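Here's the structure, in structure tokens; my notes come after.
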Amino acid sequence: MVWRLDNTGESGALPGLLQGKAPRNPGNPSQAAQIAAGPIGPGSFAPSVDAATRNAFCAVAILISLRFAVGAWLPLSFDEAYYWLWSKHLALGYYDHPALIAFAIRAGTAIFGDTEFGVRFVPLVASVAASWAVWRSAAILLASERSGATACLLFNATLMIAAETMGATPDSLLIAAASFLLWTMAKLGTTQDGRWWLAAGLAAGMSLFAKYTGFFLCGSLVFWLLASPAGRPWLRTWWPYAGALIALSLFAPTYYWNMTHDFISFRFQFGRMGAGRANATNVLEFVGSQIALASPFVLVLAGIGLARNSPLASPTRPLGVAAATVWPALVYFSVHALHDRVQGNWPCFLYPALAVLAAYPLAKGFEHALRGRLVRLSRILILPVAAAILTVAYAQAFFGLVPLGRHDPIARMMAVGFAPVAEEISAEAARMHAAAIVTTNYATTSWLSFYTRRSVPVVQITDDFRFLSSPRATAALLNGPLLYVTQAPEREIPAVRSHFARIAFWGRIARSHDGMAIGTFDVYTLSGLRGAPLGRLP
């Protein structure tokens, strides 16, 4: 017998619910009609697929295919190369984040080798799964396959999703976990089957294993349970607590790693929550970045959907759980921006819910004059504006559409023009029979390790805490001929001088794209190790 919770708050078996029969005394008329019309889910939901839905599916397929192509072609960002180094020395946790991204990269490179596509393969596949989960979530919550297609298209049309799910970063896996968490809660709402709490716990746990901001997703479930009339009856059952236990069990390895490493990761990440000085620039940057990353009309529609689906409202609001997903993090980031910078990618895990909320006004329409005009205007402009933002971003990444040189944020963040630099450094290391290349910056360490194809060992001597699972450099290695590479000699050379007796300038190598300089790398020779050996071999 399957135990569920109906809308009256009574626990008991509801035979026939999954066969399309409406629950007794339903608290949500639209939900009851939706269930009475038939079960919703892959293989069982069979409405007539109209042209708009087919067109949306084709557009999503094109966007995902383009994302795969960019992922195979675009050089790695320094963070991606950094996480790739993690994957070479697997652990239960790392200084910056939990370990899931390292395991994902290890799986992808086991199939496709140490290539850009291999590093990004699992996150790219996760983006396909996330798209499916967003489609199903909206189709279930709004009782419309067209709404599901709309939400999925809006989700994939945002620059946030295009960028974050293409890259091999914790954000890509966090977005997938958030998408599946929303889907499990949608299934919980329509089936009233408590077993979906176990699936929700699994999704929440994976979000915590991906990134610490997964705590916001867990908090959103607590918020929905306490604030929503549809959620509070579940507190009288054991299902949410079982789901919480599953989530905590998936977080346990991360906690254990922190416990055995002086809570270094917790102190780094949670230390950002401290108060700073008020700065209006941070607020403007936060708002501006989200307008660009979501596109303005997606935000307008999502805002309308959010306002109309407060979890404090009656259970007839179909997207209460999606709204509950957004509110805790939105409030926190808004307050945080008052005293410190909110990086543009931080709210990425809200985008599955924002896409579903944005589909709501397009599906429902509004008689209110102002809201009605906003919805009509958004319906016309939402895709052209989102497409324009994506086109400019892709054109800049592929072709350097605007020649910005050192001021090009995409080129600076990605290893654009770095492969020739790595080849020249590798050739000089081979010529002088260098035992290793020494670095003092994790970005340089990561790019050199990846793009020299590990032809010569790279020793990071200042950021030991970032590579705690990597072996230590030996005295025999550091007493051999060495090259030192830095992008900031004035700032970083003093740390090197304190450990080596002789340091001599070898030359400067420019990183460029289409003839425009992006940056420079100064190369030195080192010898005469002073004191005990230091550094790690990532």
Practice item. Report the one residue of 71, 149, 238 whose Cα lies farthest in the direction of the positive end of the charge dipole of the chain (charges on C-beta: Lys and Arg +1, Asp and Glu -1; origin at the Cα centre). Key: 238
Check your understanding: Which three extents, in whole angstrom, do the alpha-carbon atoms of segment 136-282 cover along their principal axes, largest first?
Key -> 46, 39, 32
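Quick one: dipole size for the chain, taken about the Cα centre, charges +1 on Lys/Arg Cβ and -1 on Asp/Glu Cβ, in debye to the nearest 20.
It comes to approximately 740 debye.
Could you give the semi-axes, largest first, of the ellipsoid that matches segment 202-354, computed as the square roots of 5 times the alpha carbon gyration tensor eigenvalues and rounded to whole Å?
On the way: eigenvalues 130, 126, 30 Å².
After scaling each eigenvalue by five and taking roots: 26, 25, 12 Å.
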Study note, to complete from the structure: Filtered hits (aspartates and glutamates, Cα-Cα < 16 Å from residue 364, offset >= 8 within chain) -> 145
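FRET efficiency for residue 468 and residue 423, Cβ-Cβ distance as r, R0 = 25 Å, nearest 0.05? Let's see the in-between values first.
Numbers: r = 30 Å, r/R0 = 1.21.
Result of the calculation: an efficiency of 0.25.
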**Study point:** Residue-count net charge about residue 305 - beta-carbon cut-off 13 Å; Lys, Arg +1, Asp, Glu -1
**Key:** +4
Study note, to complete from the structure: Expressed to one decimal in nm², the mean projection of the alpha carbon convex hull of segment 67-214 is 8.9 nm²
Revision key, fill the gap. With label points set 7 Å from each Cα along the Cα-to-Cβ direction at residue 488 and residue 54, the distance between them in nm comes to 5.6 nm
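Using the Kirkwood formula over every pair of different C-alpha atoms, what hydrodynamic radius in Å results for segment 51-398? If you can, show how the numbers build up before the last one.
Values: mean 1/r = 0.0488 Å⁻¹.
Taking the inverse mean of 1/r over all distinct Cα pairs, segment 51-398 comes out at 20.5 Å.
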Practice item. Go ahead and collect, in residue order, the members of segment 342-360 whose backbone nitrogen is under 20 Å from a label point 7 Å along the Cα-Cβ direction of residue 392. Key: 344-345
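May I ask for the net charge around residue 407, where only other residues with Cβ less than 15 Å from the Cβ of residue 407 are counted and Lys, Arg are +1 while Asp, Glu are -1? Walk me through the intermediate numbers first.
Numbers: positive: 406, 412, 511; negative: 408, 514.
Result for the neighbourhood of residue 407: +1.
Run the helix sum for the chain: -39,500 (n - 2.57) per DSSP H stretch of 4+ residues, divided by residue count, reported at 222 nm to the nearest 500 deg cm²/dmol. It would help to have the intermediate numbers written out before the result.
Details: 22 runs with 311 residues, N = 538.
The per-residue figure over the chain is -18500 deg cm²/dmol.
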Exercise for review: Using only Cα atoms, find the angle between the long axis of helix 51-73 and the longest principal axis of the chain, and express it within 0 to 90 degrees, rounded to the nearest 10.
Suggested key: 10 degrees
**Study point:** Charge dipole of the chain about the Cα centre (unit charges at C-beta), most positive-ward option of 119, 525, 186
**Key:** 186
Review point. Roughly what would the spin-label model give for residue 475 and residue 402, points 7 Å off Cα along C-beta, in nm?
Key: 5.6 nm
Practice item. Using only Cα atoms, tell me the angle between helix 320-336 and the longest principal axis of the chain; keep it within 0 to 90° and round to the nearest 10. Key: 40 degrees
Exercise for review: Straight distance only, please: which aspartates and glutamates reach the Cα of residue 187 with their own Cα at less than 14 Å, same-chain residues fewer than 8 apart left out?
Suggested key: 6
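Please grab the % of Cα pairs in segment 416-529 that end up more than 25 Å from each other.
Numbers: 977 of 6441 pairs.
More than 25 Å apart: 15 percent of the Cα pairs in segment 416-529.
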Exercise for review: Quote the relative contact order of the chain in percent (integer), defining contacts as alpha-carbon pairs under 8 Å separated by 6+ residues.
Suggested key: 15 percent
Practice item. Starting with the highest mean, order 155-166, 428-439 by the number of other Cβ atoms within 10 Å, averaged over the residues of each peptide. Key: 155-166, 428-439
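Report the FRET efficiency, 1/(1 + (r/R0)^6), for residue 502 and residue 107, where r is their Cβ-Cβ distance and R0 is 51 Å, rounded to 0.05.
Working: r = 44 Å, r/R0 = 0.86.
Efficiency for this residue pair is about 0.70.
Percent of Cα-Cα pairs more than 11 Å apart in segment 489-537, please.
Every Cα pair in segment 489-537 considered, those over 11 Å come to 74 percent.
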Practice item. Would you list, by chain and number, the aspartates and glutamates whose Cα falls below 19 Å from the Cα of residue 88, excluding same-chain residues fewer than 8 positions away? Key: 79, 80, 96, 114, 116, 463, 464
Check your understanding: How far is helix 280-294 tilted off the main Cα axis of the chain, in degrees rounded to 10, range 0 to 90?
Key -> 70 degrees
Practice item. Work out the charge dipole of segment 351-483 with +1 on the Cβ of Lys and Arg and -1 on the Cβ of Asp and Glu about the Cα centre, then indicate which of 461, 354, 374 is farthest towards its positive end. Key: 374
Exercise for review: Return the inverse of the average 1/r over all pairs of distinct C-alpha atoms in segment 166-216, which is the Kirkwood hydrodynamic radius, in Å to one decimal.
Suggested key: 11.1 Å
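The numbers here are math on the coordinates, done by the rules we state, and not lab data. What you see is a predicted model, and the numbers here were worked out from it, not measured in a lab. Methodologically, a virtual Cβ is constructed for each residue, glycine included, from the backbone with ideal geometry; neighbour enumeration extends over all protein chains shown.
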